[in-house]
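The values are calculated or read from the model by the stated rules, or taken from the named source; none is laboratory data. A quick note: this is a predicted structure, and the numbers were derived from the prediction, not measured. Here the Cβ positions follow ideal geometry from the backbone for every residue, glycine too, while neighbour counts run over all protein chains shown.
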């Protein structure tokens, strides 16, 4: 069952899907809420994205690498050139990935290759910077300075989690995470020719976390001890006793069709109180206390990127480096 759910979640985007309009006739409230979410805009045409709308007037210079990046608006996207002395390579940005709360990373096409851009845009700082996970230091060539080449399987995984339908040659048909992406079978259901689509809200807690984790990660892309894994919510949540008890799912705390309430700790404290009554709360945490401030601290992995650690526990000295612990506020 779990393997099937994972395969279903990852492969859903390679099939055709109905528009949200087809779903809204029967589900108007859910559709209206979802259309305003960041997930619905997790992939945008380059010129419509904050990345493309805030292009710098001057070249961006990466001092440690020696390359400069020049951007220009074109009819079909954003052109980019990496320059160092007489060395240069040109690329085209047609699509930008990212829900916009933390950062946006373009896909750069150079000839037959598609690259994860070395440069991302961080809306909170209104700045461009090096993409998280890209190697620092001198790039071996100009193409590597533009970004990291994507293998076909990796590219499909990225696009499948940021769009709802793809052509066989991995061209996006429906951008962003729309109804069919999380409700496989919605197409046949909208036509009246199939069973009701999958409803992740009706899955068991472990299966729901794994379903969402198909994109939000249940397995570490790098060594499990690496700090960058703190940004993967299902991976961290599955270490928690709250999850191991079998009761805590993603939708326990996060309404399915709305954005996470990033700056509303009281909302999430009440979710804790719903399961932990006065007998199980710490003395200094009763009703007015800040549960998540102690048990789910913010971690700052980058000057522009701040994540809630979903490994629910009492964070002890030495559990996380002090340099990345941040107070909420």
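Annotation note: of 225, 260, 274, the sole residue that is modelled with pLDDT under 90 and part of a loop (DSSP other than H, G, I, E, B) is 225. For region 36-57, a tally of residues being farther than 17 Å from residue 161 by Cα and in a helix (DSSP H, G or I) returns 7.
Screening residue 61 against (1) outside any strand (DSSP E or B); (2) in contact with a strand residue (DSSP E or B) (Cβ under 6 Å, 6 or more places away or on another chain); (3) modelled with pLDDT under 95 leaves a single unmet condition, (1). Selection of region 101-127 for residues being under 16 Å from residue 56 (Cβ atoms), touching a strand residue (DSSP E or B) at 6+ places or on another chain (Cβ under 9 Å) and surrounded by fewer than 20 Cβ atoms within 10 Å (Cβ to Cβ) yields 123, 127.
The single residue among 88, 72 that is assigned to a strand (DSSP E or B), in contact with a strand residue (DSSP E or B) (Cβ under 9 Å, 6 or more places away or on another chain) and modelled with pLDDT under 95 turns out to be 88. When region 277-304 is filtered for residues that are modelled with pLDDT of 80 or more and either loosely packed, with under 14 Cβ neighbours inside 10 Å or part of a helix (DSSP H, G or I) (or both), the ones remaining, listed by number, are 291, 292, 293, 294, 295, 303.
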